[in-house]
Structures are given as structure tokens and as C-alpha cells.
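Values quoted throughout were computed directly from the atomic coordinates according to the rules given, and no laboratory measurement underlies them. Quick caveat: nothing in here was measured; it's all calculated off a predicted structure. Cβ sites come from the backbone with ideal geometry, for glycine too, and all protein chains shown count toward neighbours.
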Amino acid sequence: MKNSSYCAFLRGVNVKGTNMKMAEVCAVFEKAGMKNVSSVLASGNILFSSEKDKKELKTLLEKAMSEHFNYEAFLFIKDKSEVENTFSNNPFSVDADFHIYGFAGIDGIEKVLMGEFEKSGKATGEDAKIVSDNFYWKVPKGNTLGSEFGKILGNKKLKDTFTSRNLNTFEKVFKKI
């Protein structure tokens, strides 16, 4: 079996007291048997290659991260084509006044997120769309954490189901994977 390239998107890294150096995270991945390990930005985006499948990798790497850093780790793995899909299918036009987020998560999470978005109050111009099983969220800059939907994203009952990244991060990951 050949090695495949992946990106692990870690949830809750370097926010709310969960601080870790990316070099140390990369070392944990290497110790767990991953090859060609590197990080993109300080927000928990770890590139690596492995012969294992995504489900096996998720279990193995969450356990390794949880044990090493003594916290409950959640990560979501996308292969190169999935990262490209998320980056290239962005349905929103770039606008300097807005952030656009893509999501990585469990199967079907885009429908859960859309349901939550549709129930929440919206800021002017705030929007969400599903394209190719990916959930995208456009929110005015400065409103990410303050919007009703932004508060839902921090809900503890959803912490093991997804993580989000600015589309600029997906672009950086795509260019390096």
C-alpha cells in the first residue's frame, strides 16, 4: 500500500488555555509513525503521509495527542483531494469586510451545521452554503465569535464533530500538501 498525503486539522489548539508548540505536535505525529510531518500556521494544521486509512489515523492520532498533551484531543483528517475540494468550491466572493470559513468534520456535519445556522440570528451579510458536502460560512469581520452561529460553534456538545478554518488557511494547506 502506498503512502497518502493528509492534513490533520486539530480542534481547539492555542485557544482557551490549550497551548502547544507545533514542533512538539509534529514530534508526536512522528512518534506515532507518520512520515513527512510538518505544520502550517500555529492553529493545528499538521501535514503528514501514512499508509493507514483516515479512520485508523484519527483514532491513533487522537490517542497519541491526548496522552502526550494531557487533554481530550479531537482532530479531523482530510486527504489532498478533500483539501482541494474545500478550497476550490468556496461559493462566496472574496470581500475585505468578511471572513469565509470552511469546515472539517464527521460525515454529515454539513447538514447539522446548516440546521444550526438556519435557526440562528444573522448579522448583515452573514451567510452559509453547502457545496460538495462542505459547509461554508461567511461572517462580517469582527463578528466571528459574537454572532449567534459563532457561539453555537463553541458548543461543547459539538466539539467532537468538526473544526473550522478560515479559507485562507485551507489555501495555505492546499499549496503545501
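Where residues in the stretch 111-125 are out of contact with any helix residue (DSSP H, G or I) (no Cβ under 7 Å at 6 or more places or on another chain) and assigned to a loop (DSSP other than H, G, I, E, B), which of them is surrounded by the most Cβ atoms within 10 Å (Cβ to Cβ)? Among them, the one singled out is A123. Against the test of being loosely packed, with under 12 Cβ neighbours inside 10 Å, on the phi < 0 side of the Ramachandran plot and out of contact with any Pro (no Cβ under 8 Å at 6 or more places or on another chain), the options G108, G146, G150 yield a single qualifying residue, G146.
Here's the yes/no breakdown for (1) assigned to a loop (DSSP other than H, G, I, E, B); (2) of a type in the set (S, T, Y); (3) closer than 30 Å to N3 by Cβ:
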| position | (1), (2), (3) |
| --- | --- |
| K58 | no, no, yes |
| D95 | yes, no, no |
| D107 | yes, no, yes |
| K157 | no, no, no |
| T163 | no, yes, yes |
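In the set (1) surrounded by 18 or more Cβ atoms within 10 Å (Cβ to Cβ); (2) over 20 Å from F162 (Cβ atoms); (3) in contact (Cβ under 8 Å) with a residue 60 or more places away in the chain, the condition left unmet by L47 is number (2). Considering only the stretch 53-63, state which residues are more than 15 Å from the chain's Cα centre (by Cα), of a type outside the set (S, T, Y) and surrounded by fewer than 19 Cβ atoms within 10 Å (Cβ to Cβ). Matches in the stretch 53-63: D53, K55, E56, L60, K63.
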